[in-house]
Amino acid sequence: MTSPAPDPADLSLRPLSLADAPEVLALMRRAEGGLGRLPDEMDPPWMEEALSGALQGGIALGAWDGSQLVGVIKASRMPSVQFQHVLWDLTVAVAPEAQGRGIGHKLFLELLAKASALTPRVERVELVVREGLTHAIRLYERVGFRQEGRFERRFRLPDGTYEADLPMALLMEQPVALQG
C-alpha cells in the first residue's frame, strides 16, 4: 500500500543545495516521463552541473513532505551579460505519487516570487515543453507562461514518432514599490 500524496498546504519549500543532488537525481529519474532525458542519461555529474548552474544566480527549490523530497524546480540565469535578465533551462519535476496535488503550482509560485527579488532584476523566465505534455502546458499557462513558437520534430519518442517542443516564456511585471 502506498502512502497518501502530500497535501500542498503541508509541504515545506526550501532552497536546494549541492548536498541535495542525490535526492534531486533520484526524484528526477522517477519523474522522467516529462523530462527531456531518459533515466540512464541522468547521472550524478550531470545533476551536480545542472544544480550548480541554478545555484549561480538562478533559483533551485525543493518541496519536502517531512524528510521526503517530492518536488523540485530550478532555473539558471543566462550566462551572457546581455541576457542577465533571463532565467532559462527551467526544469520542474514532481514525484509520480504526488502529482495532481498542486505541488508544481506551488513550486512555480515560489520560484516566481524568488525571481522577482533577484538582482540583477529578472524580466523573463523561459522553458521548453514537449507538445504531448498537455497537463504540464496547462500548469505553465495557469502561472502566466505563453507559447512563443514551435520546434517541429525536435523530440523523438521511444516508438520513433516525433513531437514538437514548445518554447514558452513568462514576462515578469515591473516590481511594485513598497509603501511604508
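The values are calculated or read from the model by the stated rules, or taken from the named source; none is laboratory data. Remember, it's a predicted structure, so these values are computed and weren't measured experimentally. In this analysis, Cβ positions are derived from the backbone assuming ideal geometry, glycine residues included, and neighbour counts consider all displayed protein chains. What goes into the accessible areas is simple: the full protein's heavy atoms, side chains included, and nothing from ligands, DNA or RNA. Shrake-Rupley method; radii C 1.70, N 1.55, O 1.52, S 1.80 Å.
Here ARG153 meets each of (1) in a strand (DSSP E or B); (2) surrounded by 11 or more Cβ atoms within 10 Å (Cβ to Cβ) with one exception, condition (2). Count of segment 66-76 residues, restricted to those that are crowded, with 18+ Cβ neighbours inside 10 Å and either in a loop (DSSP other than H, G, I, E, B) or at pLDDT below 95 (or both), is 0. In this entry, ALA98 passes the filter for residues that are under 26 Å from GLY66 (Cβ atoms) and either hydrophobic (A, V, I, L, M, F, W, C) or modelled with pLDDT under 95 (or both).
Which one of GLY66, GLY53 is at positive phi and out of contact with any His (no Cβ under 6 Å at 6 or more places or on another chain)? Result: GLY66 is the single residue among GLY66, GLY53 that is at positive phi and out of contact with any His (no Cβ under 6 Å at 6 or more places or on another chain).
Here the condition is being open to solvent by less than 10 Å² (accessible area, probe 1.4 Å), more than 13 Å from GLU23 (Cα to Cα) and assigned to a helix (DSSP H, G or I); of ALA50, ALA54, it holds for ALA54 alone.
The set of residues in segment 86-136 being closer than 19 Å to ALA164 by Cβ and among the aliphatic types (A, V, I, L, M) consists of LEU90, LEU127, VAL128, VAL129, LEU133, ALA136. Take GLY62 and tell me if it is open to solvent by less than 10 Å² (accessible area, probe 1.4 Å), in contact with a Leu (Cβ under 7 Å, 6 or more places away or on another chain) and closer than 20 Å to LEU18 by Cα. Yes.
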